[in-house]
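The values are calculated or read from the model by the stated rules, or taken from the named source; none is laboratory data. Everything quoted here is computed from the prediction, not taken from an experiment. Methodologically, a virtual Cβ is constructed for each residue, glycine included, from the backbone with ideal geometry; neighbour enumeration extends over all protein chains shown. All accessible areas refer to the heavy atoms of the entire protein, side chains included, with ligands and DNA or RNA removed. Shrake-Rupley method; radii C 1.70, N 1.55, O 1.52, S 1.80 Å.
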Amino acid sequence: MKTKNSATVPTRVSVRGPGRADGVWGNGPLLASLGVVAFSLSFPGTVFALDGFGPWTATGLRGVIAAALAGTALLWARPPVPARHDWAGITVVALGCALGFPLLTTLALQTTSASHSAVVIGALPMATAVISTLRTGNRPSWAFWCAAAMGGAVVVGFALLQSNGAPGIGDLYLVAALVVCAAGYAEGGRLSSRIPGWQVIAWGVLLAAPVNLVVTIAALPMEPVHHSARGVAGLLYIAAVSQFLGFVVWYRGMALMGVTRASQLQLMQPLLTLVWAVLLLGEPFSSDVVVAAVLVLACVALTRRTRV
């Protein structure tokens, strides 16, 4: 019972929603941009790693190191284990983003340049949109399908032009990587509506760890290892940043600013990779590559605007 002189002490209620925070961690555009920059360095980082490790060894070690980081993050945060019905989607993320894409792009970069690979993989947002549309059963406009078809035609035409009319083995690896990673992105995006994005990739990387460990153990005796600073630096980058930390800031930025707005920033990723390929790898500046990259990005932008 209240007395005349009793005072009501107001309860302090936090007005911060789940997607808000102070400082850098609350700056969506900055975090999403950091994610784009981080991923744009993945191909140069892989080329560096191949300077010291074989493709299978680099891929296996990349996954093992990333799993160690992801496992540490999960132990520190102690989030609930995903529900049983979510594990099928996490398996797709593991197969596409933690196993298929790293291995296939690493194999491709043995025979193709980073700039060439950047153009082909530049269609990833478009491929993700197509697979997501098919997965959810939505019916986008005819303009969406036309833009997607044009983007696919540009990628195929560019690959054929660069390989004198016949696709090389590197191009086949890149197309396969494009498909499996798009499936992983689409499934990860679906799961992120109810599970924080960083946890989706963390569980996916951890699920893929046993396979990557077996690959590492099998590949190390078969492939020569050269202990070079460049090779070790490249391996650490693609393991820590490309495989895990880049996803942490990217998914956080997407949560804060929205998927649509964040995806527009990703349109700059292939062009950034072209810049790194010239500055870090000394690859020649080719006008054909730049024109193809711009055309692919234009088609990707059209699929974003005409999806519904």
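How would you classify the stretch 46-110 from its alpha-carbon gyration tensor, with a ≥ b ≥ c the square roots of the eigenvalues: rounded for a/c under 1.5, else prolate if a/b is greater than b/c, otherwise oblate?
In terms of gyration-tensor shape, oblate.
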Inter-probe distance in nm under a simple model that places probes 7 Å from Cα toward Cβ, at residue 281 and residue 225: 2.4
From the Cα centre of the stretch 267-302 to that of the stretch 29-78, the distance in Å is 22
For the stretch 34-147, with every protein chain kept in place, what is the accessible area per residue (1.4 Å probe, Å²)? 40
Put +1 on the Cβ of every Lys and Arg and -1 on every Asp and Glu Cβ in the stretch 174-292; which of 199, 267, 178 then has its Cα farthest towards the positive end of the dipole? 199
Between residue 290 and residue 134, take the C-beta separation as r, use R0 = 22 Å, and let me know the FRET efficiency to the nearest 0.05. 0.10
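Over the stretch 188-234, what per residue volume does the convex hull of the Cα atoms give, in whole Å³?
Dividing the Cα hull volume of the stretch 188-234 by its residue count gives 96 Å³.
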Just to be sure I understand the model, the point goes 7 Å from the Cα along the line to the Cβ. What's the resulting residue 214 to residue 68 distance in nm? 2.2
For the stretch 76-122, the percent of all C-alpha pairs falling in each 5 Å bin, from 0 up to the bin holding the max distance, is 5, 17, 17, 16, 14, 9, 9, 9, 3
Take the Cα coordinates of the stretch 165-281, assign each an equal point scatterer, and use the Debye formula without solvent to give log10 I(q)/I(0) at q = 0.10, 0.18 Å⁻¹. -0.43, -1.31
How do 195, 217, 65 stack up against each other in accessible area, from largest to smallest, with a 1.4 angstrom probe? 217, 65, 195
Two-decimal Rg/Rh of the stretch 73-193 from alpha-carbon positions, Kirkwood Rh? 1.05
Per the Kirkwood treatment, what hydrodynamic radius in Å, one decimal, follows for the stretch 159-224 from the mean inverse distance over all distinct Cα pairs? 14.8
Ordering 142, 198, 250 from largest to smallest accessible area (1.4 angstrom probe), what's the sequence? 142, 198, 250
